[in-house]
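To keep things clear, I will list the structure first and then write my remarks on it.
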Amino acid sequence: MTQKNDIRWLPGFNWVTLFFFLFLYLPLIILVVFSFNASRSATVWSGFSLEWYVKAFANDDIQRATKNSLIIAVFATVFATTMATMAALALSRNRAVKNKSLFGGVLILPLMVPEIVTAVATLTFFSAIGLSLGLGNIIIAHSVFCIPFAYLPIRARLDGMDESLEAAARDLYSNKWDTLRLITLPLLMPGILSGAMLAFIISLDDFIITLMVAEAGSTTLPIYIYSLVRVGITPEVNAISTVLLGVSVLIVTAAYLVEKKK
Amino acid sequence: MTSAIGLSGLQKTYPGAPPVRALRNADLAINDNEFFTLLGPSGCGKTTLLRLMAGFEVPTGGKLTLFGEDIAHLPPEKRPINTVFQHYSLFPHMTVLENVAFGLKRLHKSDAEAKQVAQQMLDLVHLADFGDRKPGQLSGGQQQRVALARALAPQPRVLLLDEPLSALDLKLRQSMRAELKRLQRETGITFVFVTHDQEEALAMSDRIAVMSQGEIQQVGDPATIYEFPENRFVAEFIGDADFFEAEVLGGTEYKLSNGALLTGPRTEAAIGSQVTLFFRPEKAELKQSGSGLPGQVSEILYLGNSTDYVVDLAQGGALTVRSENHKDGTALADVGADVVVEIDPAAVRVVTT
Amino acid sequence: MTSLRETLRSHLALIPATATITIFMVLPILIILVYSFLAPGDYGGGKPEFSTNAYQRLLFQRDLFDQMVFDPAYLKIAFRSVWIAVVSVVGCLLLGFPVAYYIACQPEERRNIFLLLITIPFWTNLLVRTYCWILVLRDTGLVNVGLMRMGLIDEPLTLLYTEGAVALGLIYTYVPFMVLPIYASLERMDRRLIEAARDLYSNRWVALRYVVIPLAMPGIIAGAILVFIPALGAFIAPDLLGGGKNLMLGSLVQLQFSSARNWPFGSALAMVIMAMVLMCLFFYARSAKKNGGGIKH
């Protein structure tokens, strides 16, 4: 783990890094361990049990909330990623576009506004125009703040891509659309995927904006979890979170290995 | 005969403050079936000119023709001109064969025909068995040859090569020179080659255009460019040269600025006017004694096949003489030795500055 | 000559994203700016009459005799928010910089694994992760039980529902936002620069101070902004770890729009947060200009 001969080596930094990862993973470890606890207690271990997993999967509210969360995340991801890809292509490749820094600024604006402000502003706006589409309201709100999360990795990938590849395609008799279809998009795909993945997590994880914008019946998983966490009863939450964590670790690791193989 | 590529008054100015005039009023005619080289230091406008020919840039003025037809405003995919890119720009997500077949497919050739021609092209560049590999699995030299095959496959009227050898190491670069000459001869396609390497340009080209600061300085075959440069930039950029400021004394006599007299070519310049003389260091001779410019050897640079002697002239100034070593490998003179530099009048040139 | 039509055509691909953000984000913020100058409605919302009451309430309170008297309660909350956010930024920097540097010095293979490890916790719901800190910090939590078993303390320490707990929660939440930009600026750094510094008689720490940190500055500033802005308006960590008495601006805004039903006052508070954010961004833009770069959009 250590290369003390490295000219860049600084003593102690390895221990800080170790501490950092312990700090980052401590809550996750507690979460996973106590999801298998036989008793309701989240501090005293009283034997291994899958009881909470059974209960969580049988819980109608959890099922409904999970379904809502997934519907919202899927739609918001598709909308945000599509719009972000178009915008990134225009800003990175179209020389006719003026005011690039202004447009770039607008695209990352949702990152610059604290969530709570976005939340109350969206609530006020929706109630002012009388928009009431159920999950639709939440999908709109999520699409907005997912745009920069999708945009940044796509743009970074585009900027890192050799523009002469597209010039080579044009040179070899491809028109603009063929070049986009055959060269740019296939090469951009890893960026689009990581942008979409990021947008998906951010949507799935969002709490405060959803809390403000959601109408009755549009409970998402974070809102349901919040209602449980506030009263401190969480074994089912631990179980469902562990499942989500397991699934996502699998996906992320698989994506990493696929990328590495290339 | 119409030229393969014709430029008249071609200009490219990039907006900015101040605007960048990358190419100013270029006039040039590149013949069919010619190995033509654009030579110059970086920033001289040679790459801009190449990109204008390829269609990646649109000129801000002037005419650009391909076999007499105006192509200045055609997009790149409408021009029967292909490019070998500096860093090859092979599509990393396609196999070598798919890369080579790419242009043919875009020209709506059938899959079978595209594949067949692509395979022929791979044969031509000696990579017949590499069709199924991805570009990332090839060495630099192999990628280079795939890039060539890909650009040649659609049988363009003109092939543009943008410093294609600059990323290769020395030995490979030398063997690729011969390979490129062979391909040009075998295909009969006009090659327009961009480089900043004068040795490469002299070795490969039928004709060379030397460029500097967005302007074409001189066009000619390699020997003419080397032997009879039209101005000081060309003389300095290609090969080595010793320069003297001199006053015309009439006939073939010149008075150098250090007071020494030198015999050179006949000139049309008026008696008493100032001119610049130069000669190639390998055309002067180092003697122990005799007529010529006396001086003292101040530095010796051993180059392997020859040696450069820097001579401080007795009357002021310094010049370099390049000389073969003795057959037994010993030097002509040591540092500090008193010598005479003899310059054949036929080797002296007068240039405008 | 570019006609209007051509301009429109080249900007076509930009329209969906920028229009969505403009309509559903910029416009709503302008609307709450208007709202903050309205009188509160009886059942939430606002009455359409101009009023600066919402802003006056930030500093003054009506007493029993209907007189406006200075009341620092909300000012205190604002100061506490800024203070906790600053502490979080400093904490993230002290923890995050060594980590970013350490990762940047690893071979590429290992760097990617470290980055993967940083992103995995993101995949677990933030509420749940924050809740786990309650289990660690409360009187019967891991820390107190552990310390008491070791005999270091007799009574549990008050860890939960303190400003410290909130700062800890915020550092925990946002430290990756500090590590990643610093890592990005260090990763591109030429190691030969450190070699040059060491060659010129600097020890490791002097090289860090005069070469590495100045070069990492754009990343450090970007990280500080990325932590400060969300920390200032944070809701989850203060709500779960701070308890009722350590209110921050975020929770206060949320209260006005839910149970308190005073939208104009909530809007005014949101505008206060926005003003602080704009100030940050202004300083950031200035420092980026000075450094001749910063984050590229």
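The values are calculated or read from the model by the stated rules, or taken from the named source; none is laboratory data. Small disclaimer: the values here were computed from a predicted structure and weren't measured. Counting neighbours? That spans all protein chains shown, and the Cβs are built from the backbone with ideal geometry, glycine included. Just so you know, the surface numbers come from the protein's heavy atoms only, side chains and all, with ligands and any DNA or RNA stripped out. Shrake-Rupley method; radii C 1.70, N 1.55, O 1.52, S 1.80 Å.
Here are the numbers for the structure shown:
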{"read-out": "For C:Arg191, solvent-accessible area (1.4 Å; no DNA, RNA or ligand), Å²", "value": "90 Å²"}
{"read-out": "Cα shape, chain C, gyration tensor, a/c 1.5 rule", "value": "oblate"}
{"read-out": "Euclidean distance of C-alpha centroids, the stretch B:1-43 and the stretch A:5-32, integer Å", "value": "59 Å"}
{"read-out": "Shape call, the stretch A:1-109: gyration tensor on alpha carbons, a/c limit 1.5", "value": "oblate"}
{"read-out": "Rg to Rh, two decimals, where the stretch C:100-160 supplies the alpha carbon set and Rh follows Kirkwood", "value": "1.22"}
{"read-out": "Cα-based helix-to-principal-axis angle, B:140-152 vs chain B, degrees rounded to 10", "value": "70 degrees"}
{"read-out": "Span from the the stretch C:108-180 Cα centroid across to the the stretch B:187-210 one, whole angstrom", "value": "67 Å"}
{"read-out": "Protection proxy ranking of C:149-159, A:59-69 - average other beta-carbon atoms within 10 Å, highest first", "value": "A:59-69, C:149-159"}
{"read-out": "Global size of chain A as Cα Rg and Dmax, reported in angstrom", "value": "22.6, 71"}
{"read-out": "Bridge type composition, the protein assembly as shown - antiparallel percent by DSSP, nearest 5", "value": "75 percent"}
{"read-out": "Tail fraction, Cα-Cα pairs, the stretch A:66-214, threshold 26 Å, whole percent", "value": "33 percent"}
{"read-out": "Stokes-Einstein D in µm²/s, Kirkwood radius over Cα pairs - the stretch C:164-221 at 20 °C with 1.002 mPa s viscosity", "value": "168 µm²/s"}
{"read-out": "Radius, Kirkwood style, for the stretch B:221-279 when every pair of distinct Cα atoms is counted (Å)", "value": "12.2 Å"}
{"read-out": "Ranked packing of C:56-67, B:36-47, most packed first, by mean Cβ within 10 Å", "value": "B:36-47, C:56-67"}
{"read-out": "For the stretch B:253-351, the Rg and Dmax computed from alpha carbons only, in angstrom", "value": "14.2, 48"}
{"read-out": "Hydrodynamic radius of the protein assembly as shown per Kirkwood, over alpha carbon pairs, in Å", "value": "33.5 Å"}
{"read-out": "Phi to ³J(HN,Hα) by Karplus 6.51 cos²θ - 1.76 cosθ + 1.60 over the stretch B:90-106, Hz, x for Gly, Pro", "value": "6, 6, x, 8, 10, 6, 4, 5, 4, 4, 5, 7, 4, x, 5, 5, 5"}
{"read-out": "Cα shape, the stretch B:314-353, gyration tensor, a/c 1.5 rule", "value": "oblate"}
{"read-out": "Peptide A:9-22 - average C-beta neighbours from other chains (10 Å radius)", "value": "5"}
{"read-out": "Probe 1.4 Å, all protein chains present, accessible-area order of B:Met176, C:Met276, largest first", "value": "C:Met276, B:Met176"}
{"read-out": "Accessible area, probe 1.4 Å, largest first, for residues B:His126, B:His73", "value": "B:His73, B:His126"}
{"read-out": "For A:Phe126, solvent-accessible area (1.4 Å; no DNA, RNA or ligand), Å²", "value": "10 Å²"}
{"read-out": "Accessible surface of the protein assembly as shown, 1.4 Å probe, proportion on carbon and sulfur as whole %", "value": "60 percent"}
{"read-out": "Peptide A:244-256 - average C-beta neighbours from other chains (10 Å radius)", "value": "3"}
{"read-out": "Euclidean distance of C-alpha centroids, the stretch B:289-353 and the stretch A:114-182, integer Å", "value": "69 Å"}
{"read-out": "Cα pair distances exceeding 28 angstrom across chain B, given as percent", "value": "54 percent"}
{"read-out": "On Cα atoms only, tilt of A:60-93 relative to the major axis of chain A in degrees", "value": "20 degrees"}
{"read-out": "Residues of the stretch B:84-130: accessible area per residue with a 1.4 Å probe, Å²", "value": "47 Å²"}
{"read-out": "Per-residue average of Cβ from other chains inside 10 Å of C:242-251", "value": "1"}
{"read-out": "Area accessible to solvent at B:Thr252, 1.4 Å probe radius, in Å²", "value": "40 Å²"}
